[in-house]
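Nothing in this text is a laboratory measurement; each read-out follows from the coordinates by a stated rule. Keep in mind it's a predicted model, so treat the numbers as computed, not measured. Positions of Cβ are generated from backbone atoms using ideal geometry, with glycine treated the same way; all protein chains shown enter the neighbour counts.
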Amino acid sequence: MRACVVLLALLALPAGAGCDAVPPAGQIVPAPPSPVVAPEALVKRLEAMQPAWPREPDCGQAKCVALTFDDGPGDHTGKLLDMLREKGAKATFFVVGQMVAAAHGAATVRRIVAEGHELGNHSWSHPMLTGLSGQRLAYEIGHTGDLVRRLTGVRMRVMRPPYGATDRAVAEQTRRRGLAQILWNVDTFDWRDRVPALVAKRGAQVRPGSIVLMHDIHPTTVKAVPRLLDTLGHRGYSFVTVTELYGDRLRPGRRYEQLRRR
Ligand code: NI
């Protein structure tokens, strides 16, 4: 305290300025007026102060990878979200409508959104979409999209056809509904090999711009994630959502397997 007063005197500042002085007991200190700043004004001010704000990875330059988790939400998705949060990693969840409608599904998709991850449409009941009637195809995509929108307010921009099976009818349906078709270029085969070390090893076979296929319904996959994040993190990768990976380049109806960097 004494050092503070001396310092302020040297600087010709009024006593108390800049020092966290503790008021004497019993003295009522009025709360400082809370600054009223409109959020839009704050954004403008921050952007002016630091041109790189908000921080969006430019995946055409930075090393990005999109981890994707299909077929949930399931019993292990919460644990996976804990792990992703711990490492500051973002991912994309291609959800099955029936799973969203099941117990805890709504809470989990809301948490996925709240924690900055992306939701993608993986149909209502996980059939092969190729060969379905137009009406059934519309239902498989539309019903899941409507439910997710109702629960989270999110209009999904990406979808993944179950088994990666797609054709012109699927392309047309997804185009009409504003969904890009997202496949993958790295397959962990985690549904077949329930061995975390193996899943982590396969998931690490990426290059910048890769999209990695995994399934959060398997506990062995969730167990593989910390090791995968560590391995790729040490190699300098950022973990982004599919939409972050592509920026504004995704087009409804088109198919994507990886970001090809120029
Ligand atoms: Ni699937």
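Numbers at a glance
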quantity	calculated
Spacing of the two label points (7 Å from each Cα toward its C-beta) at Asp75 and Lys44, in nm	5.3
Alpha-carbon radius of gyration plus Dmax, which is the widest Cα pair, for the range 113-262 in Å	15.8, 48
Distance between the range 95-125 and the range 143-190 - C-alpha centres, whole angstrom	13
Peptides ranked, highest mean first, by Cβ atoms within 10 Å: ranges 221-229, 233-241	221-229, 233-241
Net charge contributed by nearby residues that have their C-beta within less than 15 Å of Thr68 (K/R +1, D/E -1)	-3
Value of relative contact order over the range 64-256, rounded to a whole percent, pairs C-alpha under 8 Å and six or more apart	31
Cα lying deepest toward the dipole's positive end in the range 127-262, options Thr243, His215, Thr188, charges on Cβ	Thr243
Local electrostatic count, Arg251, Cβ distance below 12 Å [Lys/Arg +1, Asp/Glu -1]	+4
Computed lengthening from Thr231 to Val195, 0.36 nm per intervening residue step minus Cα-Cα distance	11.3 nm
Linear extension gain, Ser125 paired with Met83, 0.36 nm per residue minus alpha-carbon span	12.4 nm
Neighbour net charge for Asp146 - beta-carbon separation under 13 angstrom, K R +1, D E -1	+3
